[in-house]
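What follows is a set of notes on a single structure, which appears directly below.
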Amino acid sequence: RPPSGRTNFLVLGVAGENHSGGDLTDSIIFVSLENQTGKTLVLSLPRDIWIAPLRAKLNSVYHYEGMEETKKAVGEILGQKIDYSLVIDFNLITKMVDFLDGVEVTVERTFDDFKYPLVGKENDLCNGDKEFKCRYETISFKAGEQWMDSETALKYVRSRHGTNGEGSDFARSARQEKVITAIRAKILSLETLTNPQKIKDLINTLGKSIDTDISVKDAAEFYKLSKDKVMTYSIILDDSILFHPSPADYGGSYVLISQDDDFSIINEYIKKVFSEDEKAYEASSSARTR
């Protein structure tokens, strides 16, 4: 039987080669596995959180300082020790969705993004157009259940300028979680897991796009524990947790800072989430035994 307590993971998503800022971590996800119950918490962190000692935003720590410093920074924000890490190239999303022949994703609300960047056009002068419109395309999504191919899924998770409240870092994190959940559900489907060739191809696909310190043996054990019990939470942007100060005080950058000096508010928030989850599990266990 596994020991009591939690095993914590840090998952970083990077744009990868052929993209500007290829190793900036646009997706930062904390995953916590309760060792004995198998319940898994998935929590997305805003990439614009300001790390005062480094004078940098959270999404650039990996770029400048590497994985160990990133694990340390996230650990201090959340008040949790990070045991394992994964760095995932965003190209993996397209590979995975192609491998799965598309995924079903529930789009929360309709939105448009009129400034979705076109790959290869980042430095195009657009024949003197001061708004550089040739560098972008317009993408649109309608609310409801949608089948997405790899190109559509990637645009859905990377959009940064969406209307209808979808332009925030928090909305973007929520969309990333939706696609990850859709991929996970299809991978765990009977159709995939009972096909030896699909499993072999899946391993080959994952291996080329993930850098991790998790062994294959450990990954298999974690999978057995958590495969049916994922729970998702997100840090909510409000005046009690995070707020964005004047960019003028941070070199013109849009940043998020904690209301305190040491992230103690966020630390307490995470403790509360864990405590409530444990109480709910104990109550349900007690009801089952009666």
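General remarks:
- Of residues in region 86-122 being open to solvent by 50 Å² or more (accessible area, probe 1.4 Å) and on the phi > 0 side of the Ramachandran plot, the one nearest to the chain's Cα centre (by Cα): Asp101
- Residue list for region 49-85, filter: over 16 Å from Asp261 (Cα atoms) and among the charged types (D, E, K, R): Glu65, Glu68, Glu69, Lys71, Lys72, Lys81, Asp83
- Verdict on Lys217 being open to solvent by 80 Å² or more (accessible area, probe 1.4 Å) and modelled with pLDDT under 80: yes
- Filtered residue count, region 123-177, keeping only those that are more than 20 Å from the chain's Cα centre (by Cα), open to solvent by 20 Å² or more (accessible area, probe 1.4 Å) and not hydroxyl-bearing (Ser, Thr, Tyr): 20
- Qualifying residue in region 226-241 (condition: modelled with pLDDT of 75 or more and open to solvent by 80 Å² or more (accessible area, probe 1.4 Å)): no
- Per-region count, region 70-98, residues closer than 24 Å to Lys271 by Cβ and of a type outside the set (Lys, Arg): 13
- Flag for Lys279 being part of a helix (DSSP H, G or I), at pLDDT 75 or above and either of a type outside the set (D, E, K, R) or open to solvent by 60 Å² or more (accessible area, probe 1.4 Å) (or both): no
The values are calculated or read from the model by the stated rules, or taken from the named source; none is laboratory data. Please read all numbers here as calculations on a predicted model, not as lab measurements. Virtual Cβ from ideal backbone geometry, glycine too; neighbours counted across all protein chains shown. Only protein heavy atoms, including side chains, enter the accessible area calculation; ligands, DNA and RNA are left aside. Shrake-Rupley method; radii C 1.70, N 1.55, O 1.52, S 1.80 Å.
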